[in-house]
Amino acid sequence: MFIFDNRITIENRKLLEKYLCGFDYKASAMSYTSMYMWRNINKYSFEIIGDYMCIAGNSHLELEYGVIEPFIFPPLTATGSYEPEKLRETILKAKRLFEEKGHEFSIRLLPLHMLDIIKAACPDEVKYTDDRPNYDYIYKKQDLIDLKGRQLHSKKNHLNYFNNNYEYEYVKITPDLADEAMVFIDEFNKMKDIPENKMRMLKLEEDAMLDVLKNIDDVGYLAGAILINDKIEAISIGGRLGKNTVTIHVEKANVGYRGLYQAINNEFCRHVAKNVEFINKEEDMGVINLRKAKLSYKPIKLLEKYNAVFKNS
């Protein structure tokens, strides 16, 4: 179910980026490339209410288990600042709209540095709960390239093994490579032994990936692949987040090649623009193995996020 009338499209990219880039949100989901990628799965829609843009959607995690409850992201500003009274008006209008449609109103994926902004607009009315599965993992790009130090020694060993034992080529993914990349994604997903509900999600993700790959330049993705014997065996797809950060939305590799995950991560970081200082590897979604993997790269920061609901709801 779409809450608002407007959709995330290529045609309205300029308008969306005006608001998504209007403040240093830092959160991986609050970027145009992320919004576009998951727009259909998460039913993203938006409306400009007063001075702010409200983007609504459904939780990706809840969709896996058939429980769908819409929410809004923190309202977006195009000016770089927030006025408490005007923000309050926007939030209350959005809340009424949710309730008229029979849904509880909540703000989710609220970064820690925005809590005081919401508190100033709605003092003593909102309760906040920690959303650990949606914390973002942030790294220094150069750390992921160099893999220096004892803590990253095993990553360096895997990368060295790959470099010493396989001949490969790193290439930029273009729309011309879309079909070949989709063959890799299909093969990658077929190797997974997962429950039916998660497999349904993977099929939806495959549809999203095909759309992304066909429109990779128009949306502004940064993407690369590793070819071994002229066949794609790993891909990485990301997008810009603010002035000096790139978010990695998708990273997949054939585990049959030792060190390939380390290689695709390393090559992607090497090929992004020089002015990029940080890499955001998004959230772990509460998946224990994914959390261990992201922590093993020693992030310099976890971006805390919160859910917010009105106390009288």
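Would you be able to say whether some residue in segment 21-43 is in contact (Cβ under 8 Å) with a residue 12 or more places away in the chain, surrounded by fewer than 17 Cβ atoms within 10 Å (Cβ to Cβ), among the hydrophobic types (A, V, I, L, M, F, W, C) and touching a Leu at 6+ places or on another chain (Cβ under 9 Å)? Looking through segment 21-43, at least one residue is in contact (Cβ under 8 Å) with a residue 12 or more places away in the chain, surrounded by fewer than 17 Cβ atoms within 10 Å (Cβ to Cβ), among the hydrophobic types (A, V, I, L, M, F, W, C) and touching a Leu at 6+ places or on another chain (Cβ under 9 Å).
Does at least one position in segment 147-155 carry a residue that is surrounded by 19 or more Cβ atoms within 10 Å (Cβ to Cβ) and more than 25 Å from Ala27 (Cβ to Cβ)? Within segment 147-155, one or more residues are surrounded by 19 or more Cβ atoms within 10 Å (Cβ to Cβ) and more than 25 Å from Ala27 (Cβ to Cβ). Put simply, of Lys252, Lys214, Lys203 the only residue that is surrounded by fewer than 23 Cβ atoms within 10 Å (Cβ to Cβ), closer than 23 Å to Pro299 by Cβ and not assigned by TED's automatic domain parsing to the domain that holds Glu17 is Lys252. Among the numbered conditions (1) at pLDDT 95 or above; (2) more than 25 Å from the chain's Cα centre (by Cα), the only one that Lys101 does not meet is (1).
Could you check how many residues of segment 66-96 are hydrophobic (A, V, I, L, M, F, W, C), surrounded by fewer than 18 Cβ atoms within 10 Å (Cβ to Cβ) and modelled with pLDDT of 95 or more?
2
The listed residues are Gly256, Gly286, and the only one of them that is without any contact (Cβ under 8 Å) to a residue 40 or more places away in the chain, in a loop (DSSP other than H, G, I, E, B) and among the small types (Gly, Ala, Ser) turns out to be Gly256. Test Lys101 against the criterion of being surrounded by fewer than 15 Cβ atoms within 10 Å (Cβ to Cβ), more than 30 Å from Lys231 (Cα to Cα) and not polar (S, T, N, Q), and give yes or no. Spelling it out, Lys101 is indeed surrounded by fewer than 15 Cβ atoms within 10 Å (Cβ to Cβ), more than 30 Å from Lys231 (Cα to Cα) and not polar (S, T, N, Q).
The values are calculated or read from the model by the stated rules, or taken from the named source; none is laboratory data. Treat the numbers as computed from the prediction; the structure is a model and nothing was measured. Glycine gets a Cβ as well: all are built from the backbone with ideal geometry, and neighbour counts include every protein chain shown.
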